[in-house]
Amino acid sequence: MTGSKHILRVNGKTFLLDCGMFQGRRKESDEANRFFPLKTNEIDALILSHAHIDHAGLIPLLVKKGFTGPIYCTHATRDLCSIMLQDSARIQSHDAEHMSRKAGKIIEPLYTEEDARNAIMQFRSVGYKQKIPLAA
């Protein structure tokens, strides 16, 4: 299991460094992926280190739950996430269908392709070595 999420508090601001997905056994991963360490309105911005699923995979769910702040990353990370998160949404839908059949009840996917597209709209990509005064 992975699921990188680190809380940074600087000068009265709260940042989430990465918003990664847990991977592993379906039931345990599903439960772990639905938990967030903060309420969405407590996060000023998300800083994404890179586009691996264990660092970026839950961004659409964070946005779906109400996060409206900026998501900072490099241009390449944004481009990769725009593809990866759409694909992940399709996988979430297939997993939810499988779990629903097995459980005999409807299980919602973590997020949809629309949630992934909405999340990408909040990305603010920046160049390497470009400074952004986040906590000024």
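Seen from every direction in turn and averaged, the convex hull around the alpha carbons of segment 25-86 projects onto 4.4 nm². Counted over segment 4-63, the DSSP beta bridges are approximately 60% antiparallel. Compared with the direct C-alpha span, the chain from His98 to Leu38 gains 18.7 nm at full extension, assuming 0.36 nm per residue. Each residue, Ile7 and Glu108, gets one label point 7 Å from its Cα in the Cβ direction; the gap between the two is 2.4 nm.
Across all directions, the average flat footprint of the convex hull enclosing the Cα atoms of the chain is 7.9 nm².
Straight-line reach from Lys105: taking Cα to Cα under 30 Å and skipping same-chain neighbours fewer than 8 places apart, the lysines in range are Lys27, Lys39, Lys64, Lys65.
A short reminder: the numbers here are calculations on the coordinates, not readings from a lab. Note that the structure is predicted; figures quoted are calculated from it, not measured. Positions of Cβ are backbone-derived with ideal geometry, glycine not excepted, and every protein chain shown enters the neighbour counts.
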